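The values are calculated or read from the model by the stated rules, or taken from the named source; none is laboratory data. Because the structure is a prediction, the values reported are computed rather than measured. A quick note on method: Cβ atoms are made from the backbone with ideal geometry, for glycine too, and the neighbour counts reach across all protein chains shown.
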Amino acid sequence: MMSHHQLDVVLANSKSPHQDEDDVEAFQAIVSAVDEIFPTSWRSWPIHNYTFNEVFGDEVSQQINAKLRFALPLDMITKAFDPSTTSLSERRYRIIKNKILKWPLGRALLYAPHAIMEKIHAPDYNNFINIVRELKPRFVNRHRASSQLKESSQLRDKHHPSESDVSLLGSVSSGCRKRPGTSTPAKVPQSKRAAPAQNHSDALLVDALNKQVEMFNKLVSISTEQNDNLKKLLNRDDPTADVTENVE
């Protein structure tokens, strides 16, 4: 009779000293993904820890390979191997599947073909099948997963400037801080959409200048009027003023 092991033991067995650094990081990312969407008790679930050869023989047949499905969203699996990826080709997916199937944890995450899943999860079938049913709406085919990765990348680029954009902004900022005559500031390319905004800014500037000129003219007028009033007041208080005027 096949003995069973808890998944935390399977996790320990999945770590191989022969894995390269990228595979180790991918494995850790897969574990993190399982932690994120599986129940917290998943590490204590018992399974039959069959080897690769016991499940597939020397290699996975094309018929079985076409039916393989993992109990993790495909975009999460893909990002575990390359967080910056924006698509998932058929060739890339085949490479990822081959790597995951070498891990005891990877085989334990299979929910299809059903016969393989049932064989591995016989000691505690219900816990695993329940989480599969819960997550099933998130399980999509490779083509749809590739589209999700592209959409996710576009959304990320929309909210976070690229390195080239950051570099351009930095050069413009540096150029604007230099004193006149030292060098020509970097010019920021303007799109067609920037023209209306520029025209609006120019109109606001002209309006502000007109208001300043109008205010200045009012101040000059007030100053002139005050000077005239002051002269009249001085003449009224000066007794020699009329005499001077008569002499003249």
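For (1) touching a strand residue (DSSP E or B) at 6+ places or on another chain (Cβ under 9 Å); (2) at pLDDT 95 or above; (3) part of a helix (DSSP H, G or I), each residue gets a yes or a no:
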{"site": "11", "(1), (2), (3)": "no, no, yes"}
{"site": "19", "(1), (2), (3)": "no, no, no"}
{"site": "24", "(1), (2), (3)": "no, no, yes"}
{"site": "27", "(1), (2), (3)": "no, no, yes"}
{"site": "34", "(1), (2), (3)": "no, yes, yes"}
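The residues in segment 43-62 that are crowded, with 16+ Cβ neighbours inside 10 Å and of a type in the set (S, T, N, Q) can be counted, and the count is 1.
Looking across segment 69-83, the residues that are within 13 Å of residue 139 (Cβ to Cβ) and either surrounded by fewer than 20 Cβ atoms within 10 Å (Cβ to Cβ) or free of Cβ contacts under 8 Å to residues at least 24 places away in the same chain (or both) come down to 69, 73, 76.
If the condition is being over 18 Å from residue 59 (Cβ atoms) and not in a helix (DSSP H, G or I), then segment 93-149 contributes 109, 111, 112, 121, 139, 140, 141.
Exactly one residue out of 7, 88 is within 31 Å of the chain's Cα centre (by Cα) and in contact (Cβ under 8 Å) with a residue 40 or more places away in the chain: that is 88. Does segment 97-111 contain any residue that is among the small types (Gly, Ala, Ser) and closer than 23 Å to residue 24 by Cβ? Yes.
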